[in-house]
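Enquirer: For reference, the structure I am asking about is given below.
The values are calculated or read from the model by the stated rules, or taken from the named source; none is laboratory data. Note that the coordinates shown come from a computational prediction; the quantities given were computed from them, not determined experimentally. Cβ placement follows ideal geometry from the backbone for every residue including glycine, while neighbour counts extend to all protein chains displayed.
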Amino acid sequence: MLKKVYDGSISYVQIMDEYGNVDASLRPDSLGDDKIIDMYKWMSYARALDTKVLSLQRQGRAATYAPLVGQEAEQIGSALAMRKQDYFVPNFRQHGVYLARGYPLDTFFLYWKGYEEGAVVGKEYNALPPIVPVATQTLHAAGIAYAQKFGKTNAVVVTYVGDGGTSEGNFYESLNFAGEFNLPLVTIIENNEWAISEPEKNQTAAPTLAQKAIGAGIPGVQVDGNDVIGVYKVVSDAIANAAAGKGPMLIEALTYRMSMHTTADDPTKYRDDKEVTAWKPRDPILRVKTYLTKKNLWNDKLEQQMADEQLKKIDEAVDKAEQFKPDPRSMFEHVYSFMPETLKQEEDAAIAENFWQTAGGAGE
Amino acid sequence: MMANMVAAINNALDLILQDDKNAVILGEDVGKDGGVFRVTDGLYDKYGADRVIDTPLSEAGIVGTSIGMALGGMHPIAEVQFAGFMYLAFDQLVNHAARYRSRTRSTRSVPMIVRTPVSGGVRTLEHHSDSPEEYYSHIGGLIVVEPSTPYDAKGLMIKASHMNDPVVFLEPTKLYRLFKQDIPEGPYEVEIGKANIVQKGDDLTIITWGTMVPVVKNAVTNSKRSAEIIDLRTINPLDESTIIESVKRTGRAIIVHEAELTYGPGAEVAARIADKAIFELEAPVMRVASASFPYPFPGYENYYIPNELKVQKAIEKIMSY
């Protein structure tokens, strides 16, 4: 006997193309032009923030930083699709999501300046701090999703992973757990085509990353990650589904890493500049600007006003973050829920020996 | 040739690939990019994509397939991009690489090298500055080496490639480009399991390795004491006899390492000194190490890693007995 026992396919969604044309048949009814202006502002804000941290890093005022430029649509589109109660589990490049979720920028800067105080995420934000080891957080996301189901909170967990991260075992394990337990988990692959120096084709023989959902028995979809409306739509639908008890979803957002992996990386070593140039017209912010300008909803004056306001808020947050003075005792006080005798001895010795003074403070 | 540690290891890998047709390099970004620290720079162009392999992003995958390659007759030299990401491959090392020889009574072996950058002091993000030598040294069956000079790095790498055992090769990022040394252009070996006496001394013995070697050297210079400095170079198996011989003569021992104090490698060294040289000791064995919790964010790292003054104070304290 020979019979087909499984048949699967993956769809691709794009609502606004790179010229600013909108596919009206797919545009969500709830999404008016006012909301598209909001999306535009948030994306511009995210880029302004990114530019600022990059410049701080170059001046030695921030540690190593992972730029987001080029990926604003998938981050803002998904962040705005999340409801307040939904839970956000990042990797290390979701600056736009934090921003649009109302996370305090001075705390954000503290993280990238290299202080644990920057990883303090208030409970009201329903989010974890950045997670640097690749794809390990996807399992935490599945666990948090289990807790939502268990506690009947109706919250959905949204987590992010890069194209490189899909090669990690933890990524598959998370999808598999989520499928098996029918968890309210939305996993977004930010496929920016590069894992440091390795192009996506180095990661897998699979023609799409979305189809990795099939092996876990959950639905997967591909979206133009530079189309903020498309991302908003697929993530909103996935959240609505999960909240209705219909289980997890894998979303592959096709975007491009316009800059370096981190400030420690030099892409000229392995990537042809022509490839970057070819992506410039597909910029996620540019196409929305084209759309709004054509409809007379946006102009240079509004642009300037917006940029000034955003920069002012960013600068205020930087100033606040730069007032921060680290206290080395905090390192010892947060190791356990209690102070072990031996750890106390180490702390006391550091004080008695005047070690922290002689250590010369933070290495900034 | 004058070489920093990056150039010395690059040169060693080049010689190994030239000499051993079954040797391959594999890891993330090791090919075209030449590694994030440029340790494998130029080798992809010279040996091609079959022998300098850019793998999918998967630490367990890199180490696990390396074990398979070794069992299949190849000689893999794996790179895990940072030690903090190597825990994903821990199962492969503990359960498989370390045990193949013993569980098959030496009918199977896993000749491979797993290279990874270790330790801090260079303001990296979280998880990029761990000193994990104690984790791997606890596992009998794995060899753990950690050079502190370009000369030792090259010689230990070539020696490691001649071992019929899994070798965890720890490379301190802080020392990658700290200084250059005149090293031979051709192949040479530095013995594994043999410590290096960096300088002779009579007042006390300081046992150290990795990033702490230059820190200890400066502290000793400033202290004006006659200290014997031993650079372990191989963390496991330990060169116990060199340590014991020295401590018996000086009567005082300090162990300095960047790894966390509690259950750190210093405890192992101290226990062996207590066992074999207790009657010659004139002071308690002392340890200088990082605080007993994982490496902090970079803004706190100077409060965490031992510095020269901390070592100097330990020297004064041990000499006051």
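Enquirer: Looking at region B:93-117, which of the residues that are assigned to a helix (DSSP H, G or I) and buried (at least 23 other Cβ atoms within 10 Å of the Cβ) is farthest from the chain's Cα centre (by Cα)?
Expert: For region B:93-117, the residue satisfying everything is B:Ala97.
Enquirer: Going through B:Ala253, B:Ala314 one at a time, which residue ends up being crowded, with 20+ Cβ neighbours inside 10 Å, within 14 Å of chain A (Cβ to nearest Cβ), in contact (Cβ under 8 Å) with a residue 40 or more places away in the chain and more than 30 Å from A:Val132 (Cβ to Cβ)?
Expert: Being crowded, with 20+ Cβ neighbours inside 10 Å, within 14 Å of chain A (Cβ to nearest Cβ), in contact (Cβ under 8 Å) with a residue 40 or more places away in the chain and more than 30 Å from A:Val132 (Cβ to Cβ) holds for just one of B:Ala253, B:Ala314, which is B:Ala314.
Enquirer: Identify, by number, the condition in (1) farther than 21 Å from A:Ile131 by Cα; (2) small (Gly, Ala, Ser); (3) assigned to a helix (DSSP H, G or I) that B:Gly73 doesn't meet.
Expert: Against the list (1) farther than 21 Å from A:Ile131 by Cα; (2) small (Gly, Ala, Ser); (3) assigned to a helix (DSSP H, G or I), B:Gly73 comes up short only on (3).
Enquirer: Shifting gears a bit: Got a sec? Which of B:Ala49, B:Ala3 is more than 23 Å from the chain's Cα centre (by Cα), farther than 16 Å from B:Met112 by Cβ and either of a type in the set (A, V, I, L, M, F, W, C) or surrounded by 19 or more Cβ atoms within 10 Å (Cβ to Cβ) (or both)?
Expert: Just one listed residue meets the conditions, B:Ala49.
Enquirer: Restricting to region A:1-27, what's the tally of residues that are at pLDDT below 95 and touching a Phe, Trp or Tyr at 6+ places or on another chain (Cβ under 9 Å)?
Expert: Summing the residues that are at pLDDT below 95 and touching a Phe, Trp or Tyr at 6+ places or on another chain (Cβ under 9 Å) in region A:1-27 gives 0.
Enquirer: So, in region A:36-84, exactly how many residues are closer than 17 Å to A:Glu316 by Cα and either among the acidic types (Asp, Glu) or in contact with a Lys or Arg (Cβ under 6 Å, 6 or more places away or on another chain) (or both)?
Expert: 2
Enquirer: Tell me yes or no: at least one residue of region B:66-89 is within 14 Å of chain A (Cβ to nearest Cβ), of a type in the set (Gly, Ala, Ser) and over 20 Å from B:Val39 (Cβ atoms).
Expert: Scanning region B:66-89 turns up no residue that is within 14 Å of chain A (Cβ to nearest Cβ), of a type in the set (Gly, Ala, Ser) and over 20 Å from B:Val39 (Cβ atoms).
Enquirer: Something else about it: With the requirement that a residue be of a type in the set (Phe, Trp, Tyr) and crowded, with 21+ Cβ neighbours inside 10 Å, what does region B:269-311 give you?
Expert: Across region B:269-311, the qualifying residues are B:Tyr295, B:Phe297, B:Tyr300, B:Tyr303, B:Tyr304.
Enquirer: Condition test on A:Glu200, is it more than 9 Å from chain B (Cβ to nearest Cβ), on the phi > 0 side of the Ramachandran plot and touching a strand residue (DSSP E or B) at 6+ places or on another chain (Cβ under 7 Å)?
Expert: The answer is no for A:Glu200.
Enquirer: I'm trying to understand the selection: among the residues of region A:263-272, which are without any contact (Cβ under 8 Å) to a residue 24 or more places away in the chain and of a type in the set (Val, Ile, Thr)?
Expert: Result: A:Thr268, single match.
Enquirer: Taking the condition assigned to a strand (DSSP E or B), in contact with a helix residue (DSSP H, G or I) (Cβ under 9 Å, 6 or more places away or on another chain) and not assigned by TED's automatic domain parsing to the domain that holds B:Pro237, does B:Leu156 pass?
Expert: no
Enquirer: Within region A:37-46, track down each residue that is in contact (Cβ under 8 Å) with a residue 60 or more places away in the chain and either crowded, with 22+ Cβ neighbours inside 10 Å or outside any helix (DSSP H, G or I) (or both).
Expert: Passing the criteria: A:Met39, A:Tyr40, A:Met43, A:Tyr45.
Enquirer: Next up: Among B:Thr221, B:Thr242, B:Thr234, which is more than 14 Å from chain A (Cβ to nearest Cβ), surrounded by fewer than 24 Cβ atoms within 10 Å (Cβ to Cβ) and within 24 Å of B:Leu156 (Cβ to Cβ)?
Expert: Answer to the check: B:Thr242.
Enquirer: For A:Tyr6, state whether it is part of a loop (DSSP other than H, G, I, E, B) and among the aromatic types (Phe, Trp, Tyr).
Expert: yes
Enquirer: Let me ask another. Has region B:184-205 got at least one residue that is on the phi > 0 side of the Ramachandran plot and basic (Lys, Arg)?
Expert: Checked against the condition, which is being on the phi > 0 side of the Ramachandran plot and basic (Lys, Arg), region B:184-205 yields no hits at all.
Enquirer: Related question: Among the candidates A:Lys344, A:Lys280, A:Lys313, which residue alone is out of contact with any Gly (no Cβ under 7 Å at 6 or more places or on another chain), in the same structural domain as A:Tyr103 (by TED's automatic domain parsing) and of a type in the set (D, E, K, R)?
Expert: From the options A:Lys344, A:Lys280, A:Lys313, the qualifying one is A:Lys313.
Enquirer: With respect to the numbered conditions (1) modelled with pLDDT of 95 or more; (2) touching a Gly at 6+ places or on another chain (Cβ under 9 Å), which one is the sole condition not fulfilled by A:Glu364?
Expert: (1)
Enquirer: Can you name the number of the only condition in (1) over 20 Å from A:Pro133 (Cα atoms); (2) within 12 Å of the chain's Cα centre (by Cα); (3) among the aliphatic types (A, V, I, L, M) that A:Leu56 fails?
Expert: Going through (1) over 20 Å from A:Pro133 (Cα atoms); (2) within 12 Å of the chain's Cα centre (by Cα); (3) among the aliphatic types (A, V, I, L, M) one by one, A:Leu56 breaks only (2).
Enquirer: When you go through (1) within 14 Å of chain B (Cβ to nearest Cβ); (2) within 30 Å of A:Asp315 (Cβ to Cβ); (3) surrounded by 18 or more Cβ atoms within 10 Å (Cβ to Cβ) one by one for A:Asn126, which number turns out not to apply?
Expert: A:Asn126 satisfies every listed condition except (1).
Enquirer: Oh, and also: Restricting to region A:132-157, name every residue that is within 14 Å of another protein chain (Cβ to nearest Cβ) and either part of a helix (DSSP H, G or I) or surrounded by fewer than 23 Cβ atoms within 10 Å (Cβ to Cβ) (or both).
Expert: Result: A:Val132, A:Pro133, A:Thr136, A:Gln137, A:Thr138, A:Leu139.
Enquirer: Can you name every residue in region A:80-102 that is touching a strand residue (DSSP E or B) at 6+ places or on another chain (Cβ under 7 Å), outside any helix (DSSP H, G or I) and away from chain B (no Cβ under 14 Å)?
Expert: Of everything in region A:80-102, those that are touching a strand residue (DSSP E or B) at 6+ places or on another chain (Cβ under 7 Å), outside any helix (DSSP H, G or I) and away from chain B (no Cβ under 14 Å) turn out to be A:Met82, A:Asp86, A:Tyr87, A:Phe88, A:Val89, A:Gln94, A:Arg101.
Enquirer: Taking region A:231-256 only, how many residues are surrounded by fewer than 24 Cβ atoms within 10 Å (Cβ to Cβ), touching a residue at least 24 places away in the same chain (Cβ under 8 Å) and assigned to a helix (DSSP H, G or I)?
Expert: Residues meeting the conditions: 4.
Enquirer: Exactly one of (1) within 22 Å of the chain's Cα centre (by Cα); (2) assigned to a helix (DSSP H, G or I) is unmet by A:Gly179. Its number?
Expert: A:Gly179 satisfies all of (1) within 22 Å of the chain's Cα centre (by Cα); (2) assigned to a helix (DSSP H, G or I) except (1).
Enquirer: Would you pick out the residues in region B:37-59 that are in a loop (DSSP other than H, G, I, E, B), under 18 Å from B:Asn11 (Cα atoms) and within 11 Å of another protein chain (Cβ to nearest Cβ)?
Expert: Within region B:37-59, B:Phe37, B:Arg38, B:Asp41 meet the criteria.
Enquirer: So B:Ser131 passes all but one of these: (1) without any contact (Cβ under 8 Å) to a residue 12 or more places away in the chain; (2) buried (at least 24 other Cβ atoms within 10 Å of the Cβ). Which condition number does it fail?
Expert: The failed condition is (1).
Enquirer: Same structure, new question: Got a number for residues in region A:15-36 being buried (at least 17 other Cβ atoms within 10 Å of the Cβ) and either part of a helix (DSSP H, G or I) or not assigned by TED's automatic domain parsing to the domain that holds A:Gly102 (or both)?
Expert: Number of matching residues: 1.
Enquirer: Turning to a different aspect of this structure: Would you mention how many residues in region A:294-352 are aliphatic (A, V, I, L, M) and either modelled with pLDDT under 95 or over 28 Å from the mean Cα position of the chain (by Cα) (or both)?
Expert: So the answer is 7.
Enquirer: Within region A:106-118, is there a residue that is touching a Phe, Trp or Tyr at 6+ places or on another chain (Cβ under 6 Å), within 14 Å of another protein chain (Cβ to nearest Cβ) and over 20 Å from A:Ser330 (Cα atoms)?
Expert: no
Enquirer: Please verify whether region B:9-19 includes one or more residues that are in a loop (DSSP other than H, G, I, E, B) and surrounded by fewer than 19 Cβ atoms within 10 Å (Cβ to Cβ).
Expert: No: region B:9-19 contains no residue that is in a loop (DSSP other than H, G, I, E, B) and surrounded by fewer than 19 Cβ atoms within 10 Å (Cβ to Cβ).
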